[in-house]
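A.B. asks: Quick one: structure below, then a few questions.
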Amino acid sequence: MKKAKLETSKYEDPLQLGSLGGVAAYAKGNKISLSKARRELEKNIAYTLHKPVRRRGAFRPVLVFDKDEQWVADLVEVQKISKQNKGYKFILTVIDVLSKFAWAEPVKRKTGPEVTKAFTTILKRASKQGHTTPIRLQTDKGKEFYNSSFKALLKKEGIHHFSTQGDAKGSVIERWNRTFKTKLYRYFTASNSYKFLDVIQSIINQYNHTYHRSIGRAPVKVDDSNVKEVWYKLYDKHLPKADKKTKPPRPKFKIGDYVRLSKVARNFKKGYMQGWTEELFIVSLYVPSFQMIMYKKRYTTMRGGSLKRFKVYDMLPHKSQKGGTLYRFAHSSPPFNGTWNQIALQRGAGMGDMFKDFKSGVKKSVKTAWQKKNLSELGRGIKRSAKQAAGREIRKRARKEKQADYIDLDRSYFEWDCRFKTTADANIASGTSESNDATMTAFANNMPHCMIKQFLAKCNGTLMTEQIDMYHHKAHIMTLLGYSREDIDTILNATNGLFRGEIDVPVTYTANNVKGPAADGSGAHNDYKALSDNHKAAVQAQKKETRDLWSGGKRQILIMKPYDPLFYQGRWVVPNTSFQFQFWLNAATLFTNTIANDAVRDPTAEDVKVTFHMCLVKTNPGVFVGMAKKLETNLALYPLVRSEIRQYPLDNGATYKQINNPFSNRVPQRYIIAIVKQTAFNGDADEDMYAYSPSGVEYIKQIVNGEEYPYETLELNTGNGRNDRRGYFRFLEASGCLDRGSPNMIRFADWGYGKNATLFMFSNVPSGKHDRPVLLPKPTAHIDLHIKCAAQTSAKTIIIMAEYESVVKINSAKSITFMNV
């Protein structure tokens, strides 16, 4: 008897994992078998009285691709027990669709300010639990969610608010509400009390730490490292198997059938409401699907060629846990299922117009039949009027619909609307960066790329970019190698934001070396005069850019494409592909060079507004159908060059550095080495983060499986530039300039001794032809780097960026994206 009492108390304890839930959760939480858990709970009245009665209904899943991409919220009514709970009549419940992590907060009244206050509390609690603000929030259409105070909160947090239009509402939140209320009322039964204020957070906490069957783990254990695994666990049952020729189910209705729409097909719907629509609908076409037959509108056709259009999306700023500001964007292209000759249209909307046409036709038929004294003519006229009215309505509807679009990322771009203010919330003064001033407020080269520390791109839920805070260095190096000086005033200004040609910059800025000459040529400080011509030009160019573009609160529109291979692979992306982009921003001290002036503040949502312009392409129907049929049996392949970037320390006083196996036994096509002062790398405002100096390097050699390959040792002089032409020739050869016969951004005047645009490169392509459209073999080898240098006078950071050829494969049936490196 005592043992049974102990088992019962475990189930009724809100702090116990698996308590107040179903058989599987109780078994998992107590580490017992399902049969034993079932036997124990059959004796528990709190479990048996609240066991659900389930009605089956087939619906498509709510599809998301990331944690905190979409939350769903609702109000649970508890008015009957409000007296026992200090007047709280409602509970605001929220759940994350992917991770199933949930929150709840009591609410006294069903008003906008009350719900806004409760949701604000949930957002703060979520941020402490490792969650960010969601991209989207789904609710019903109640006034507690659609009001000025709640709308203002969502706008401030950058959350897109929406409600579904059909009869099927938020199934995810309804299922969570049932789970939550079941646990709550089981606790009421077990405790013989209706007080929930003191246990509600305990119930939520034990739910979040309890194993969840649909995701294969507890909600609290879902993070960025396993989100892809959770996605497949959650959605794989809805997808056809790739190794089997799975056929869609046959439709239950034929074209031309008259049908009614069910109102109660979804699970857990109350059973006493009217079950079917009074209005009749006509099935004209259908869409086959691996999950269920879907009846859908017909897509229009085009007579020739292809069209492009741009769809504009605002990037929403979010507060981040890493510091700085995060800009997030999510997009799903129009879905495509089955073959295009089977696309369906379910009739229904617009029936009023059709009956209006039908009524007009019948009046004419009645008039004609009366004049001819012929009833058979009346029957034929009514039938003819019905067919004509239905045909006109179908043609009108068909003209309004659109064919699914391909996505052309090569012609897509981001638009940054930027301004900058000081930490004192003041505009940058126009007179603080004059040529002969001993002050300077300037910005690093390659704006806005220099502002971004991490760019994340997800395709169909798969992360395509590496999570490392060095995007600004990657973007600067790729700009130096991918463009020539002829492009500065044309292509770069149009597509790459702001780029200055003065790439050889001083390592450190002081009040003395930024004090240049006055208009008459006098007054320059001796430290300024001691600078090289390149460094003088760099100082003056930075000052002029601040005066002309950023002083006095001016805003600038900058067009850019991220340095991500998805935007440069040259092929259209197939429909049914989802993208998600995130920008993590650097601290302002990293991308500004400030001397004796107020520092520039970190960008706010008002300072930086990001808009994404996506290029959508519509093809000729014949071409589209041909592509779609090929995708039924083949993969869509996207060859691209993917880069990885790493950092290694070079200590103060060091004369030698050996980096062992930096590429993890892979052989990159080529890699670039840059050396920068460690304090500049970490963000000192008086040092330039793009000052890639030679750092007294005497030689660099690559050891492959114990043998120096493919070059002889690159030997340089530390005290002068006598051997610089040898190093510059090696740089041009490895960068492909000699093969293609065209230069890059780095001139000989920018490279070598005393110059800070010095990059070292190694090429491992046997033919030396990197830019040829042929995929190269992917050998494996153990590579070590040996760097000999003069004794370092300060700590440095070695940046290594390696390039690999890759292939992205998109499976049309499963919408899976993966990389083959």
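A.B. asks: Compute the FRET efficiency between residue 641 and residue 81 as 1/(1 + (r/R0)^6), taking r as their Cβ-Cβ distance and R0 = 56 Å, and round to the nearest 0.05.
C.D. replies: Working: r = 63 Å, r/R0 = 1.13.
Once rounded, the FRET efficiency stands at 0.35.
A.B. asks: Quick one: which residues, 5 or more positions from residue 465 or on another chain, have an amide H under 5 Å from its amide H? H modelled 1.01 Å from N in the peptide plane, none for Pro or chain starts.
C.D. replies: 457
A.B. asks: Another question about this same structure. Compute the FRET efficiency between residue 510 and residue 778 as 1/(1 + (r/R0)^6), taking r as their Cβ-Cβ distance and R0 = 60 Å, and round to the nearest 0.05. Spell out each step's value before the answer.
C.D. replies: On the way: r = 48 Å, r/R0 = 0.80.
For residue 510 and residue 778, the calculated efficiency is 0.80.
A.B. asks: If I stretch the segment between residue 526 and residue 417 completely, what's the gain in nm (0.36 nm per residue apart, minus their alpha carbon distance), one decimal? Show your work: numbers first, answer last.
C.D. replies: Values: separation 109, 0.36 × 109 = 39.24 nm, distance 3.90 nm.
My answer for the length gained is 35.3 nm.
A.B. asks: Would you work out which of 85, 121, 145 lies farthest towards the positive end of the dipole of region 70-238, given +1 charges on the beta-carbon of Lys and Arg and -1 on that of Asp and Glu, about the Cα centre?
C.D. replies: So the residue we want is 85.
A.B. asks: Starting from the Cα-Cα distance between residue 195 and residue 32, subtract it from 0.36 nm times their residue separation and give me the gain in nm to one decimal. All intermediate terms of the calculation are to be shown ahead of the outcome.
C.D. replies: Values: separation 163, 0.36 × 163 = 58.68 nm, distance 3.06 nm.
The residue 195-residue 32 span can extend by a further 55.6 nm.
A.B. asks: Still on this model: With θ taken as phi - 60° and the coefficients 6.51, -1.76 and 1.60, list the Karplus ³J(HN,Hα) couplings across region 113-126 in order, rounded to whole Hz; mark glycine and proline as x.
C.D. replies: x, 5, 5, 4, 5, 5, 5, 4, 4, 5, 4, 5, 5, 5
A.B. asks: What is the set of long-range amide H partners of residue 99 at a cut-off below 5 Å, with H atoms built 1.01 Å from backbone N?
C.D. replies: Amide H neighbours of residue 99: 68.
A.B. asks: Whole-Hz ³J(HN,Hα) for each residue in region 551-559, computed from phi via Karplus 6.51 cos²θ - 1.76 cosθ + 1.60 with θ = phi - 60°, x for glycine and proline: what do you get?
C.D. replies: Result, ordered by residue: 6, x, x, 5, 10, 10, 9, 10, 9 Hz.
A.B. asks: To the nearest 20 debye, what is the magnitude of the charge dipole of region 637-810 about its Cα centre, counting +1 on the Cβ of each Lys and Arg and -1 on the Cβ of each Asp and Glu?
C.D. replies: Working: 20 positive and 19 negative charges, 84 e Å.
That gives a dipole near 400 debye.
A.B. asks: Place +1 on the Cβ of every Lys and Arg and -1 on the Cβ of every Asp and Glu in region 637-810, take the dipole about the Cα centre, and give the residue among 785, 696, 719 whose Cα lies farthest towards its positive end.
C.D. replies: Checked the options; the winner is 785.
A.B. asks: Could you give the nm distance between label points at residue 630 and residue 221, where each point is 7 Å from its Cα heading toward the beta carbon?
C.D. replies: With each label point 7 Å from Cα toward Cβ, the separation is 4.4 nm.
A.B. asks: HN-Hα J couplings of region 463-473 from phi, Karplus 6.51/-1.76/1.60, θ = phi - 60°, integer Hz, Gly and Pro as x?
C.D. replies: Ordered by residue, 3J(HN,Hα) equals 6, 9, 10, 7, 8, 9, 8, 9, 4, 4, 6 Hz.
A.B. asks: Could I ask something else about it? For residue 36, list the aspartates and glutamates whose Cα falls under 13 Å from its own Cα; do not include residues on the same chain fewer than 8 positions away.
C.D. replies: Excluding near neighbours in sequence, the set is 7.
A.B. asks: Rounded to the nearest 0.05, what FRET efficiency is calculated for residue 232 and residue 111 with R0 set to 41 Å and r the Cβ-Cβ distance? If you can, show how the numbers build up before the last one.
C.D. replies: Numbers: r = 42 Å, r/R0 = 1.02.
According to the calculation, E is roughly 0.50.
A.B. asks: With a point put 7 Å past each Cα toward its Cβ, work out how far residue 163 is from residue 541 in nm, to one decimal.
C.D. replies: The two pseudo-label positions are separated by 5.6 nm.
A.B. asks: Further, regarding this structure: On a 25 Å Cα-Cα criterion, which of the cross-link pairs 124/155; 28/458; 80/100 come out too long? Mind dumping the intermediate values first?
C.D. replies: Values: 124/155 16 Å; 28/458 33 Å; 80/100 28 Å.
In this structure, 28/458; 80/100 exceed 25 Å between Cα atoms.
A.B. asks: Would you mind calculating the gained length between residue 791 and residue 733 on full extension (0.36 nm times residue separation, minus the Cα-Cα distance), in nm to one decimal? Walk me through the intermediate numbers first.
C.D. replies: Working: separation 58, 0.36 × 58 = 20.88 nm, distance 2.88 nm.
Stretched fully, the residue 791-residue 733 segment lengthens by 18.0 nm.
A.B. asks: Can you tell me which aspartates and glutamates have their Cα less than 13 Å from the Cα of residue 10? Leave out same-chain residues fewer than eight positions away.
C.D. replies: 40
A.B. asks: Hey, got the Cα dimensions of region 637-810 along the principal axes, in Å, largest first?
C.D. replies: 48, 36, 32 Å, listed from the longest principal axis down.
A.B. asks: Once amide H atoms are built 1.01 Å from N in the peptide plane, which residues 5 or more positions from residue 593, or in another chain, come under 5 Å H to H?
C.D. replies: So residue 593 has HN proximity to 442, 443, 444.
A.B. asks: Now a separate question. Total Lys pairs in region 637-810 closer than 14 Å by alpha-carbon, pairs eight or more apart in sequence or interchain only?
C.D. replies: On the way: 657/701; 657/788; 657/796; 677/755; 677/796; 701/788; 788/796.
Count of close lysine pairs: 7.
A.B. asks: Each label point is 7 Å from the Cα along the Cα-to-Cβ direction; what then is the distance between the points at residue 438 and residue 127, in nm?
C.D. replies: 4.2 nm
Read-outs throughout are calculated quantities, based only on the coordinates presented, and are distinct from any laboratory measurement. None of the values given here were measured: they were computed from a predicted structure. All Cβ positions, even for glycine, are placed from backbone atoms using ideal geometry, and neighbour counts span all protein chains on display.
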